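Okay, here's the structure, questions in a sec.
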Amino acid sequence: GILERYKKHKMPSAQQTHQELKELQTIMADATDDDLKFALNAEVDEKEMYRKFAKSIGLHLSSHFIDDIFNQTDPILFYLKKHYDRARPEQFANANNIPFQVEISSNAMHPACPSGHALDSYLMEYVLTKLSPSNSVQIKEFCKKMRESRNNVGLHYMSDNEMSRMLATDIISS
């Protein structure tokens with residue numbers, strides 16, 4: 001199944017991770033104040049941001065709708081995080097004496113890959129688009145902003161998001 005396929009997936013090498021860290025620093029340097037505020041709000045209450053967004057496009061979801069989606073996929077997410085045990089960008093930078101500073105403080109105490117916010121965003125994009133196809137452009141833009149927010153502040157590598165995209169695709173198609 002899904003877990004067996006991902007258990008065999010290789011994480012980027014130290015050299016590749018170092019290159020990703022450089023790319024991440026460029027992304028962070030280009031982030032606007034609005035990007036940072038959005039990322040902070042996503043850190044504080046990601047689910048509430050989805051609830052408010054859904055309401056803004058005319059979807060009135062039950063209070064537990066989003067919680068139920070995340071609760072169904074969290075076991076897979078955290079199993080893979082533990083399996084890969086990938087250092088977050090700040091941890092990798094510190095271990096390799098590379099100057100690096102995340103832009104917001106985070107309570108994320110678990111490994112980086114796959115990115116939970118990115119996985120959630122891909123799943124929510126799928127679900128919300130099914131519920132409101134006429135709002136697909138706004139949904140896609142919001143969900144993209146949600147997953148990119150973690151890169152904008154240095155909490156995830158781009159490959160963490162790519163892994164989440166692949167995982168979401170497999171979850172949706174299974």
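The values are calculated or read from the model by the stated rules, or taken from the named source; none is laboratory data. As the structure is a prediction and not an experimental result, all values here were calculated from the model. For neighbour counting, all protein chains shown are included, and Cβ atoms are generated from backbone atoms with ideal geometry for every residue, glycine included. Side chains included, ligands, DNA and RNA excluded: accessible areas come from the protein's heavy atoms. Shrake-Rupley method; radii C 1.70, N 1.55, O 1.52, S 1.80 Å.
So with the 1.4 Å probe, I'd like the accessible area per residue for the chain, rounded to whole Å².
Result: 54 Å² per residue.
Which FRET efficiency, nearest 0.05, do residue 63 and residue 8 yield, Cβ-Cβ r, R0 45 Å?
0.70
Remind me, relative contact order of the chain in percent, using alpha carbon pairs under 8 angstrom and six or more residues apart?
Taking the mean separation of contacting Cα pairs over the length of the chain, I get 33 percent.
Per residue of segment 59-74, in order, report the coupling 6.51 cos²θ - 1.76 cosθ + 1.60 (Karplus, θ = phi - 60°) as ³J(HN,Hα) in whole Hz, putting x for Gly and Pro.
9, 10, 8, 4, 4, 9, 4, 5, 3, 5, 5, 5, 5, 6, 9, 4
Could you put 149, 134 in order of accessible surface area, largest first, with the 1.4 Å probe and the full protein assembly present?
If we order 149, 134 from most to least accessible, we get 134, 149.
Give 47/82; 8/47; 7/55; 82/144; 7/52 a once-over and call out the pairs whose C-alpha atoms are over 28 Å from each other.
Pairs exceeding the cut-off: 8/47; 7/55; 7/52.
While we're here: Please report the accessible area of residue 165 (heavy atoms, 1.4 Å probe, ligands and nucleic acids excluded) in Å², nearest 10.
Accessible area, nearest 10 Å²: 90 Å².
On the principal axes of its Cα set, how long, how wide and how thick is the chain? Give whole Å, largest value first.
49, 42, 25
Can I ask one more? Any idea what log10 I(q)/I(0) is at q = 0.11, 0.12, 0.20 Å⁻¹ for segment 77-152, Debye with uniform C-alpha scatterers and no solvent?
These q points yield log10 I(q)/I(0) values of -0.37, -0.44, -0.90.
Considering the options 94, 119, 76, tell which one lies farthest towards the positive end of the dipole of the chain, charges being +1 on Lys and Arg and -1 on Asp and Glu at the Cβ, about the Cα centre.
76
Would you work out the charge dipole size for the chain about its Cα centre, treating the Cβ of every Lys and Arg as +1 and the Cβ of every Asp and Glu as -1, and quote it to the nearest 20 debye?
Computed charge dipole of the chain: roughly 460 debye.
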